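Report on one structure; see the data block that follows.
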Amino acid sequence: MSESKVYVTTPLLPDINAFYAHVNDIWDSKWLTNMGQKHNELEEAIKVELKVPHCSLFNNGTIALLTAIRAFDFPFGSEIITTPFTFAATPHCISWNGCKPVFCDIEPDTMTINADKIEEYITPNTVAIIAVHVYGFPCNIEKIQKIADKYNLKVIYDAAHAFSTEINGVGIGNFGDITMFSFHATKLFNTIEGGCLTYKNPDLIKKIYNLRNFGIKNEEIVEDIGINGKMNEFQAAMGLENLKIYKYEQERRKKVKAIYDDKLSKIKGIRIPKMPSGVSNSYQYYPIVIEDNYPKTRDEIYEMFKSENIFTRKYFYPACHDYDCYKNDLSVKLSNLSVTDDLKNKVLCLPFYGTLEKDTIHHICNKLGV
Ligand code: T4K
């Protein structure tokens, strides 16, 4: 193993000279941000790549998700049903909008929100469901939409981990009312920091455009309480170049996954969650589940690797309902979140990126082989 420090991921970086060429353009144009040429070019390109009718770029995924919720002007104190098995950004965006995250347990296989349990949490104050395609595993889209239609709820998907995922050839950004993608440095496709919203309803184009730019309609009219969510030209340049190479990165990750799958599937006590049929993998993470019959706990494995400078990640431990800011809520105390409570102690994301050396992959597998 020749790599000195091995992280859970490493950013996808384009050819530096290709990036410099964009920097030269930016210098020449003297246009650095505020919906510049590269921004607009990337927005169009992402629309094509994700096979969606509308796309709005953002400076990061969190601001994008904040804006998605804001676009519906939910009354203060509204309840939004969501998953506790996600990154902090998901429930925090609900709270920052003056709404209350109501946590619903997850499915054991896909680790996404358990659609069969959502109705138990619906009250007269419920306005939306925010579900997460965690690790790129798609939520139960049909069932969620049926519930939303029955109770007149909005559906927002957090697809931070699902760039380019398709369900039977349909881009995952076409479901629900709005979908958010993250383009953070740690994501398969990155713009350093960045993200986007995709949606079908054309009425949202102007609303989201304005919200992303402080709610400004024109030089004299501010019509909404907006935010600064604008992606700058340097981010967009990174995106334009990474868009050319992310599929190659996916191919390389596919090979890494094949080695992991082959070796780890033979080990008793290690479960590899499977992508449902008809779904294309984004190859964002490689999570494994350490079952009770494995001789070590997930935390022991994490420490074992850490002592060798291999930094696996316990995404998502703690679960969101364990956070100090949510754990004392009555709805958390009354909820049965047993699947999340079990899996948060068992999931481990292994190092996963195209340039991960074969020796390192084999070393990791051998260490897990006991
Ligand atoms: N919803 C979901 C479900 C999400 O997972 C996220 C973000 C969001 C919403 C919000 O989207 P953004 O606002 O971030 O666009 C990382 C990412 O910062 C975060 O984007 C991501 N999810 C989350 C799951 O992972 P940390 O705290 O684990 O990051 P950090 O700095 O520990 O990075 C992880 C590893 O990546 C490092 O150990 C080394 C490597 N790394 C990282 C960076 C930043 C590099 O090699 N180079 C780098 O530049 O949150």
Selected residue (only one of LYS30, LYS5, LYS38 is modelled with pLDDT of 95 or more and within 14 Å of the ligand (Cβ to nearest atom)):
LYS5
Of all residues making up region 258-277, the number that are out of contact with any Cys (no Cβ under 9 Å at 6 or more places or on another chain) and open to solvent by less than 40 Å² (accessible area, probe 1.4 Å):
4
Quick check on region 186-193. Is at least one of its residues open to solvent by less than 60 Å² (accessible area, probe 1.4 Å), of a type in the set (D, E, K, R) and not assigned by TED's automatic domain parsing to the domain that holds GLU142?
no
Need pairs with beta-carbon distance below 9 Å; first residue over 13 Å from PHE183 (Cα atoms) and among the β-branched types (Val, Ile, Thr) and within region 43-63, second modelled with pLDDT of 95 or more and not in a helix (DSSP H, G or I); sequence gap 6+ or separate chains.
VAL52/GLY171; VAL52/THR179; VAL52/THR198; VAL52/TYR199; VAL52/LYS200
Based on this model, can you work out whether ILE221 counts as away from the ligand (no atom under 15 Å from the Cβ), over 24 Å from ILE144 (Cα atoms) and either buried (at least 17 other Cβ atoms within 10 Å of the Cβ) or of a type in the set (A, V, I, L, M, F, W, C) (or both)?
yes
Among (1) under 25 Å from PHE137 (Cβ atoms); (2) more than 16 Å from the ligand (Cβ to nearest atom); (3) outside any loop (DSSP other than H, G, I, E, B); (4) not small (Gly, Ala, Ser), there is one condition VAL52 misses while meeting the rest; what is its number?
(3)
Could you tell me which numbered condition PHE234 fails, if it satisfies all but one of (1) closer than 24 Å to MET111 by Cβ; (2) of a type in the set (A, V, I, L, M, F, W, C); (3) buried (at least 17 other Cβ atoms within 10 Å of the Cβ)?
(1)
Is it true that some residue in region 30-49 is within 30 Å of VAL347 (Cα to Cα), assigned to a loop (DSSP other than H, G, I, E, B) and open to solvent by less than 20 Å² (accessible area, probe 1.4 Å)?
no
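Here's the yes/no breakdown for (1) buried (at least 24 other Cβ atoms within 10 Å of the Cβ); (2) within 16 Å of the ligand (Cβ to nearest atom); (3) small (Gly, Ala, Ser); (4) in the same structural domain as ALA115 (by TED's automatic domain parsing):
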| residue | (1), (2), (3), (4) |
| --- | --- |
| THR126 | no, no, no, yes |
| ALA131 | yes, yes, yes, yes |
| VAL134 | yes, yes, no, yes |
| ASN140 | no, no, no, yes |
| GLN145 | no, no, no, yes |
| ASP149 | no, no, no, yes |
| ASN152 | no, no, no, yes |
| GLY173 | yes, yes, yes, yes |
| SER182 | yes, yes, yes, yes |
Pairs, please: C-beta under 9 Å, at least 6 apart or cross-chain, first residue under 16 Å from LYS344 (Cβ atoms) and open to solvent by 60 Å² or more (accessible area, probe 1.4 Å) and in region 306-334, second hydrophobic (A, V, I, L, M, F, W, C) and within 13 Å of the ligand (Cβ to nearest atom)?
ARG313/VAL8; ARG313/CYS349; ARG313/LEU350; TYR317/VAL347
Are there any pairs, at least 6 apart or on different chains, whose C-beta atoms fall under 6 Å, with the first in region 174-187 and more than 13 Å from ILE63 (Cα to Cα) and the second near the ligand (Cβ under 7 Å from one of its atoms) and open to solvent by 10 Å² or more (accessible area, probe 1.4 Å), and if so, which?
ALA185/PRO11; THR186/THR9
Can you name the residue in region 8-18 that is away from the ligand (no atom under 16 Å from the Cβ) and in contact (Cβ under 8 Å) with a residue 40 or more places away in the chain and, of all such residues, is nearest to TYR248 (Cα to Cα)?
ASP15
Look at region 155-208 and say how many of its residues are closer than 18 Å to ALA88 by Cα and either acidic (Asp, Glu) or over 15 Å from the mean Cα position of the chain (by Cα) (or both).
2
Answer with yes or no whether ALA21 is under 24 Å from the mean Cα position of the chain (by Cα), small (Gly, Ala, Ser), over 30 Å from ASP322 (Cβ atoms) and more than 16 Å from the ligand (Cβ to nearest atom).
no
Within region 339-360, residues being open to solvent by 20 Å² or more (accessible area, probe 1.4 Å) and either touching a His at 6+ places or on another chain (Cβ under 6 Å) or aliphatic (A, V, I, L, M) (or both) number 1
Which of the residues belonging to region 85-113 are part of a loop (DSSP other than H, G, I, E, B), touching a strand residue (DSSP E or B) at 6+ places or on another chain (Cβ under 6 Å) and more than 12 Å from the ligand (Cβ to nearest atom)?
CYS99, CYS104
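The values are calculated or read from the model by the stated rules, or taken from the named source; none is laboratory data. Just so it is clear, the structure is predicted and the values come from calculations on it, not from any experiment. We place every Cβ from the backbone using ideal geometry, glycine too, and count neighbours over all the protein chains shown. The area values use the complete protein model at the heavy-atom level, side chains included, leaving out ligands, DNA and RNA. Shrake-Rupley method; radii C 1.70, N 1.55, O 1.52, S 1.80 Å.
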